[in-house]
Amino acid sequence: GFGIQYAKHIGATVITTASAHNHDYVRSLGADRVIDYNVEDFTQTVSGCDVVYDTVGGEVQVRSYEVLKPGGRLTWIAPAPAGYQPTRDDVRTLRANVTRDRKHLERMVELFQAGAVWPPEITRYQLTDAAEAHRVSEARHLRGKLVFEVR
């Protein structure tokens with residue numbers, strides 16, 4: 001969600017994939033075009049992209065190379081299949097740095113205060129419900145973040 005908001009803030013046209021249930025949600029974040037990955041193959045309808053930000057990995061990452069223009073960038077947080085070697089040498093592949101540090105957190109606060117981004121929805125679970133929270137997380141359809149209430 002933050003990626004969509006930030007991309008819009010810097011002036012990008014944002015195309016994203018989501019299940020039909022989440023189309024309104026990603027549009028509310030700023031997505032210009034939403035592709036239902038259960039119905040449409042993004043590689044058949046999208047091309048010439050400057051950047052792909054892959055949060056799924058696996059075969060999705062492999063197929064993402066198809067939609068990038070020469071000189072494009074594929075940034076990922078979830079890996080491609082084990083042993084996969086990109087078939088294109090005209091695309092730069094980067095792993096997103098997802099560590100947290102003061103400088104980046106302060107930048108996020110500035111963006112929030114400017115109204116450019118807003119925090120994700122938070123779903124709260126009691127620690128005793130950790131197994132259920134894990135099932136929700138593994139289903140990959142969670143909007144926002146899971147938070148455990150310990151006290």
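The values are calculated or read from the model by the stated rules, or taken from the named source; none is laboratory data. A quick note: this is a predicted structure, and the numbers were derived from the prediction, not measured. All Cβ positions, glycine included, derive from the backbone under ideal geometry; neighbour counts span all protein chains shown. Accessible surface is based on the protein model in full, side chains and every heavy atom, while ligands, DNA and RNA are left aside. Shrake-Rupley method; radii C 1.70, N 1.55, O 1.52, S 1.80 Å.
Amide H contacts of VAL14 (H built 1.01 Å from N, in plane; Pro and chain starts excluded): ASP32, ARG33 sit under 5 Å, all sequence-distant by 5 or more or on other chains.
Pop the C-beta distance of GLU66 and SER28 into the FRET formula with R0 = 30 Å and round what comes out to the nearest 0.05. Don't skip to the answer; put the middle values down first.
Values: r = 28 Å, r/R0 = 0.94.
So the FRET efficiency works out to roughly 0.60.
Converting phi to 3J(HN,Hα) with the Karplus coefficients 6.51, -1.76 and 1.60 and the offset θ = phi - 60°, the range 99-111 yields 6, 10, 9, 4, 4, 6, 5, 5, 5, 5, 5, 4, 5 Hz in sequence order, with x at every glycine or proline. In this structure, the amide hydrogen of ALA80, modeled 1.01 Å from its nitrogen in the peptide plane, lies closer than 5 angstrom to those of GLY58, counting only residues at least 5 positions away or on a different chain. Accessible surface area normalised per residue over the chain is 69 Å², counting heavy atoms of protein chains with a 1.4 Å rolling probe.
When all alpha carbon pairs of the chain are counted in 5 Å bins from zero, the resulting P(r) reads 2, 8, 14, 18, 20, 17, 12, 5, 2, 1, 0 %.
Taking only protein heavy atoms and a 1.4 Å probe, the accessible area of the chain is 52% carbon and sulfur. Measure off 7 Å from each Cα along the Cα-to-Cβ vector at ASP129 and TYR84, then give the distance between these two points in nanometres to one decimal. Here the modelled spin labels are 3.4 nm apart.
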